[in-house]
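Since the structure comes first, as structure tokens, the remarks are kept for the end.
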Amino acid sequence: MKIVDLTMTIKSKSPVYPTYISPVVHTWTSHREHGFYSNLLILNDHTLTHVDCPAHMIENGATVDSLPL
């Protein structure tokens with residue numbers, strides 16, 4: 001089996017579906033000030049690389065955590 005990584009980097013102003021907002025990536029903590037680095041992310045669940053599971057279109061459908069890899 002060959003696995004191909006299609007992951008896109010989440011960054012502000014990434015291209016999105018026409019009705020969605022662009023992701024917002026805001027530096028939340030910094031190494032210098034807090035001793036560690038983290039971001040606050042604001043994005044639609046259908047932004048960039050993602051999986052549409054049956055639950056997206058079917059009430060009570062399977063969620064992504066229940067699908068086999």
Problem - Neighbours by Cβ (under 7 Å, 6+ apart or cross-chain): first from segment 1-13, under 11 Å from LEU43 (Cα atoms); second part of a loop (DSSP other than H, G, I, E, B) - result: ILE10/PRO23; ILE10/LEU43; ILE10/LEU48; LYS11/PRO23; SER12/SER22; SER12/PRO23; LYS13/SER22
Completion exercise
Within segment 53-69, residues in a loop (DSSP other than H, G, I, E, B) and exposed (fewer than 11 other Cβ atoms within 10 Å of the Cβ) come out as MET57, ILE58, GLU59, ASN60, PRO68, LEU69
Exercise for the section: Name every residue in segment 45-66 that is under 26 Å from PRO15 (Cβ atoms), without any contact (Cβ under 8 Å) to a residue 24 or more places away in the chain and hydrophobic (A, V, I, L, M, F, W, C), in order of residue number. Expected result: VAL51, CYS53, ALA55, MET57, VAL64
Exercise for the section: Hey, could you check segment 19-29 for residues that are touching a strand residue (DSSP E or B) at 6+ places or on another chain (Cβ under 9 Å) and assigned to a loop (DSSP other than H, G, I, E, B) and say which is least open to solvent (accessible area, probe 1.4 Å)? Expected result: PRO23
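Within segment 36-55, can one find any residue that is of a type in the set (Asp, Glu), out of contact with any Cys (no Cβ under 6 Å at 6 or more places or on another chain) and at pLDDT 95 or above? Don't jump to the end; show me each part of the working.
Of all residues in segment 36-55, those of a type in the set (Asp, Glu) come to 45, 52.
Right, trim to out of contact with any Cys (no Cβ under 6 Å at 6 or more places or on another chain) and you get 45, 52.
Pick out the ones that are also at pLDDT 95 or above and you get none.
No - not one qualifying residue is present in segment 36-55.
Within segment 30-52, work out how many residues are at negative phi and surrounded by 10 or more Cβ atoms within 10 Å (Cβ to Cβ). Walk me through it before giving the result.
The initial filter retains those residues of segment 30-52 that are at negative phi, namely 30-34, 36-47, 49-52.
Keeping just the survivors that are surrounded by 10 or more Cβ atoms within 10 Å (Cβ to Cβ) gives 30, 34, 37-44, 46-47, 49-50, 52.
Residues flagged as at negative phi and surrounded by 10 or more Cβ atoms within 10 Å (Cβ to Cβ) within segment 30-52 amount to 15.
The values are calculated or read from the model by the stated rules, or taken from the named source; none is laboratory data. Fair warning: this is a prediction, and the values are worked out from it, not measured in the lab. Note that each Cβ is placed from the backbone with ideal geometry, even for glycine, and that neighbours are counted across all protein chains shown. Just so you know, the surface numbers come from the protein's heavy atoms only, side chains and all, with ligands and any DNA or RNA stripped out. Shrake-Rupley method; radii C 1.70, N 1.55, O 1.52, S 1.80 Å.
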